[in-house]
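Student: Below: one structure in structure tokens.
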Amino acid sequence: MSEPNSPDSLRAGTESGEQFLAPDGEVVTSEDGREEDLPDGGVLEVDVDLATVNPDLADEATVAEIVAADRTVHAEVGEPLLRMEGVSVRFGGLTALDDVSFDIRRGEILGLIGPNGAGKTTAFNAMTGVYRPSSGRVVFDGRPLVRVKRNQITRLGIARTFQNIRLFSDMTALENVVVGTDARHRTSVPGAIFRSARHRREERDAIDRGMALLEFVGIGARATHQARNLPYGDQRRLEIARALATEPKLLCLDEPAAGFNPAEKEQLQELVRKIRDDGFTVLLIEHDMRLVMGVTDRIVVLEFGRKIAEGLPAEIREDPAVIAAYLGVPDDATA
Ligand SMILES: Nc1ncnc2c1ncn2[C@@H]1O[C@H](COP(=O)(O)OP(=O)(O)OP(=O)(O)O)[C@@H](O)[C@H]1O
């Protein structure tokens with residue numbers, strides 16, 4: 001499903017009527033294409049004095065340490081974190097995903113590729129709780145997702161970015177990220193209103209972590225810029241920072257390089273590697289084959305809703321079924 005790539009797509013909910021997960025895990029409906037409201041009636045007050053932000057954030061190792069997720073993950077590194085087990089998704093008479101099985105292993109960057117209409121987005125939606133499989137199941141960190149509501153997915157540890165950038169466009173970059181860290185806060189609404197010591201501490205931590213996240217993705221200097229005024233590439237980075245703010249066990253990136261020039265794609269590769277090296281597991285759906293081949297640890301290939309190949313990038317590149325599926329794609333795009 002191709003998406004517009006202009007900054008105009010910054011406005012949330014441009015896919016009319018579609019529901020999506022807000023950073024606090026609530027389901028937000030944006031039927032009329034307007035920006036979504038603040039979660040929980042605007043409890044959030046982010047009034048940031050950057051002078052108070054941790055000076056240690058100039059140090060890359062400290063930044064990486066703050067950004068790393070503080071979560072218990074049951075899967076060991078290299079073991080399956082998410083399992084697609086014989087998943088089929090049907091829309092009326094159309095089988096968009098047909099008995100598809102594969103694993104995403106903890107600590108890897110898995111690429112999910114395939115020609116247009118192959119079922120990538122459908123698979124992505126099945127594993128992020130947007131679609132319930134017609135048959136088969138998705139198991140995430142040992143827990144079947146069958147009865148999990150969409151608004152629990154973020155809390156369970158799956159974060160995603162969208163083909164169509166979705167940010168709080170009137171908020172600053174830092175505020176956008178702090179909203180994401182807020183998804184993991186434990187303070188009650190009364191706690192927030194009376195600004196309890198715990199709430200103040202959480203707020204300070206959230207701002208520290210928010211700044212670290214912005215540094216991590218390379219836009220620390222733009223912390224106080226309104227999201228709508230950021231260059232397109234920085235908006236994409238901000239989306240990734242916001243997803244990381246929820247401390248996900250699995251980060252799903254849906255065509256993060258859409259609209260990027262070659263230099264930006266190169267930088268994105270570096271960022272995705274850095275995210276993996278910081279202990280996150282990454283699923284990458286991406287059309288740009290050069291980027292996919294250059295950054296992923298393993299690749300799963302779909303065609304007409306079926307898995308036709310799975311393996312290391314070098315194996316996938318040589319796979320006759322994959323080559324046949326991509327016939328017509330110019331050589332330089334697959335190099
Ligand atoms: N909500 C829907 N209702 C009906 N058909 C759908 C729906 N979503 C996807 N499809 C169909 O399912 C098939 C797989 O679509 P999907 O978007 O998952 O493919 P994709 O690999 O992500 O494609 P692209 O690379 O173009 O984004 C296509 O034939 C598509 O038209």
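Student: Taking H as built 1.01 Å from N, whose amide H comes closer than 5 Å to the amide H of ILE308, not counting residues under 5 places away?
Tutor: VAL301, LEU302, GLU303
Student: If the convex hull of the alpha-carbon atoms of region 82-128 is projected onto planes in all directions, what is the mean projected area in square nanometres?
Tutor: Values: hull surface 13.7 nm².
Average projection, Cα convex hull of region 82-128: 3.4 nm².
Student: Moving to a separate point now. Work out from phi, with θ = phi - 60° and the Karplus expression 6.51 cos²θ - 1.76 cosθ + 1.60, the ³J(HN,Hα) of each residue of region 309-317, listed in order in whole Hz, and give x for Gly and Pro.
Tutor: 6, 7, x, 6, x, 5, 5, 5, 4
Student: Over its Cα atoms, what ratio of radius of gyration to 2.2 N^0.38 Å does region 79-168 give? Let's see the in-between values first.
Tutor: On the way: Rg = 13.0 Å, N = 90, 2.2 N^0.38 = 12.2 Å.
Dividing the Cα Rg of region 79-168 by 2.2 N^0.38 Å gives 1.07.
Student: Once both labels are modelled 7 Å past Cα along the beta-carbon direction, what's the SER101-ARG143 spacing in nm?
Tutor: 2.4 nm
Student: Evaluate the Debye formula for region 222-264 with equal point scatterers sitting on the alpha carbons, no solvent, and hand back log10 of I(q)/I(0) at q = 0.20, 0.28 Å⁻¹, in q order, two decimals.
Tutor: -0.71, -1.06
Student: Amide H of HIS225: which non-local residues (sequence gap of 5 or more, or other chain) have their own amide H closer than 5 Å, using H built in the peptide plane?
Tutor: Counting only residues 5 or more places away or on other chains, the set is ALA173, LEU174.
Readers should treat all values here as calculations from the given coordinates under stated rules, not as data from a laboratory. Keep in mind that this is a model prediction, so the values were computed, not measured. Positions of Cβ are backbone-derived with ideal geometry, glycine not excepted, and every protein chain shown enters the neighbour counts.
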